[in-house]
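Step one of this worksheet: look at the structure below.
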Amino acid sequence: MNAPAIVILGAGALETARRIQMLYAGSQVYALQGRVAADVPYTELGAQLRELYASGTPIVALCAAGIVIRCVAPLLANKGVEPPVLAVAEDGSAVVPLLGGLAGVNVMAREIAAALNVSPAITTSGELRFGTCVLNPPEGYALADIGQGKRFVSDLLAGESTRVEGEAPWLDDAQLPRSASARLAIRVTPRAWDGRDDELVIHPRSVVVAVSGGAGAGAAADGAAGSAAGSASAGVAASTGAASAYTSSAGIAANVRAALNEHGLATLSLAALLAASDRMTDPALAEAAASLNVPLRFAQTRPEDGAPPSNLLHAALRLPYETLHDDPDAGVALALTPLAIDANTIGMGRGRLTVIGLGPGSAELMVPAARLALDHATDILGYETYVKMAGPFRAEQRVHGTDNREELQRARHAFELASAGRSVVMVSSGDPGVFAMAAAVLEALEAAANDAWSAVELAIVPGVSAALATAAQAGAPLGHDFCMLSLSDNLKPWSIIETRLRHAAEADLVMAFYNPISRARPWQLDKALDIVRAYRAAATPVVLGRDIGRPGSTLRTVTLGELRSSDVDMRTMVIVGSSTTRRFAKGVEGGEWVYTPRWYE
Ligand code: SAH
């Protein structure tokens, strides 16, 4: 489950919110801007609640239940994700689960109520009677059919008793009306439900399916123009007309379903799809796993052991299991474990490296995809200051903050972690592709020419760059053609910077200067301004944004003539206007707008 969003409207709720926050690692307190400050500010309650709800984020709203209901009502007709939604009284005196019965809202209500020392307002009849939601089995188990589940629970509520068959440890404490001779049965089994209405079937995720591994299948999957000839294993498949089983996601998924069917196993009993690690980048496998709705895991077999899929099971499973099906020709083997198995313990997953930008500093200016990557990360790397800005993190997330400025080394460290199967996030400020880590990561990857690194699922998530954040505050100084320049001569010769400045000035581009000055580079900014002044009028507006989006930010507009390098430090963005950049007073508010018109004379 995602960490919940705890939403408050005023300072009176903050203390209760913080107590609830302690229960859920990674949770954040959302506070109405202007009324109270917490972790994430928002401006409109309804829009904020609907956004959270639509993204499947559990909501704990510290306000009247009616307000919450009205806010999310427009989304309720839409079946789909229904995250837990609870209303909690500001003073912590009442906890009311509202929505998300199948997503564990009552469990949360009990947890929160226990922490606040009150009784939760549980209204679900089955749950009240039996002390647990029979239809909401724990992680690792899946209900075969919700419609049948509801009928079954109403039979129990009408007075019937039930048997429990199979391992269901979470039902041990439930006050279920049990009887060994009952007509009804709760059956915990990987076997498919046969439609009997006197059974509630719950599947433990206890089946692992391995699909043909080895280089032969891998080469076929890479799809040299659909030719199935060549590899030994594909030769057999081709003769049975099943070549696509190796190469297309539909073929793989169909083969898996057929093997499950043959043994009467439910698809919902699948814990993972397993393949050889040399197929990590095969999109057909990823699609097949997605269509079967299970994680994709990998194992490496020794070349001398060959590619039969049962060898993959042997290499990946560390618990006892029974091999139910082993068909090297069809390229499928099935393993059944005695209990539900955690997919994370099967072989290894495909590692991931996501390079994100935090934006200039404040949480609202971080794009949601970056937030999501941080939430799912096992490891977070980056320059200490930025890593701190990206937190707080859950206890199990590993943070590798460093004041090490050696970016290539950090990039290599990220690949090392990711190629071992971890989900790594590399943090930059602003946009990761603008004078930041994304280029260093690609440089490290290209130079290493390492197959394991290339198999890492690499993604770069854009962010709001300092020039854009500063420009937006000032108005629209980048409204026409512009360029971004770093004045740092750490990684390029100063002569190149001078040439670029001259050409940009001559071309009448607005210029955004990153890294304008530092203790180690004290004279470069003055030199740069001298060059620009040779082309631009002294009255040209220059926007100076310092610590934009962070506490204590300042924004000033001066003229090119007035600007002194002492007005600027390494936390400043300098935007030098073009010949057409204009400024005018805002009016009553004070201050002024700066913009560069879209047209040219
Ligand atoms: N990747 C970052 C830039 C890193 S270079 C981005 O896209 O924003 C670092 C330079 O960016 C600093 O020297 C400063 O010029 C500028 N900068 C970064 N954050 C800033 C902020 N919050 N306010 C103003 N300038 C900032």
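The values are calculated or read from the model by the stated rules, or taken from the named source; none is laboratory data. Note that the coordinates shown come from a computational prediction; the quantities given were computed from them, not determined experimentally. Heads up, the Cβs are rebuilt from the backbone with ideal geometry, glycines too, and the neighbour counts pull from every protein chain shown. All accessible areas refer to the heavy atoms of the entire protein, side chains included, with ligands and DNA or RNA removed. Shrake-Rupley method; radii C 1.70, N 1.55, O 1.52, S 1.80 Å.
Quick notes on this structure:
Listed here are the residues, each with its yes/no results for (1) among the basic types (Lys, Arg); (2) in contact with an Asp or Glu (Cβ under 6 Å, 6 or more places away or on another chain).
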| residue | (1), (2) |
| --- | --- |
| Thr499 | no, no |
| Ala504 | no, no |
| Leu509 | no, yes |
| Tyr514 | no, no |
| Ser518 | no, no |
| Ala539 | no, no |
| Arg546 | yes, no |
| Ser553 | no, yes |
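- Residues satisfying the criterion are absent from the range 585-596 (criterion: under 30 Å from Ala37 (Cβ atoms), within 13 Å of the ligand (Cβ to nearest atom) and among the hydrophobic types (A, V, I, L, M, F, W, C)).
- Boolean, Asn293 is among the polar types (S, T, N, Q), on the phi > 0 side of the Ramachandran plot and open to solvent by 50 Å² or more (accessible area, probe 1.4 Å): yes
- Annotation for the range 559-581: no member residue is within 16 Å of the ligand (Cβ to nearest atom), open to solvent by less than 60 Å² (accessible area, probe 1.4 Å), in contact (Cβ under 8 Å) with a residue 60 or more places away in the chain and more than 21 Å from Gln524 (Cα to Cα).
- Candidates are the residues of the range 467-491 that are within 12 Å of the ligand (Cβ to nearest atom) and part of a loop (DSSP other than H, G, I, E, B); the one that is nearest to His503 (Cα to Cα) is Leu487.
- For the criterion of being open to solvent by less than 40 Å² (accessible area, probe 1.4 Å), more than 30 Å from Glu592 (Cβ to Cβ), in a helix (DSSP H, G or I) and touching a strand residue (DSSP E or B) at 6+ places or on another chain (Cβ under 7 Å), Ala369 fails.
- Residue among Val427, Val434 that alone is crowded, with 19+ Cβ neighbours inside 10 Å, touching a Ser or Thr at 6+ places or on another chain (Cβ under 6 Å) and within 27 Å of Leu468 (Cα to Cα): Val434
- Cβ-Cβ under 7 Å pairs, at least 6 apart or on other chains, the range 517-544 side within 12 Å of Asp569 (Cα to Cα), far side part of a strand (DSSP E or B) and open to solvent by less than 80 Å² (accessible area, probe 1.4 Å): Leu544/Val558; Leu544/Thr572; Leu544/Val574
- Screening Leu312 on (1) crowded, with 19+ Cβ neighbours inside 10 Å; (2) away from the ligand (no atom under 16 Å from the Cβ); (3) in a strand (DSSP E or B) shows it passes everything except condition (3).
- Residue match in the range 582-600 (condition: acidic (Asp, Glu), closer than 20 Å to Ala469 by Cα and touching a helix residue (DSSP H, G or I) at 6+ places or on another chain (Cβ under 9 Å)): yes
- Checked against (1) away from the ligand (no atom under 16 Å from the Cβ); (2) buried (at least 20 other Cβ atoms within 10 Å of the Cβ); (3) touching a residue at least 40 places away in the same chain (Cβ under 8 Å), Ala504 meets all criteria but (3).
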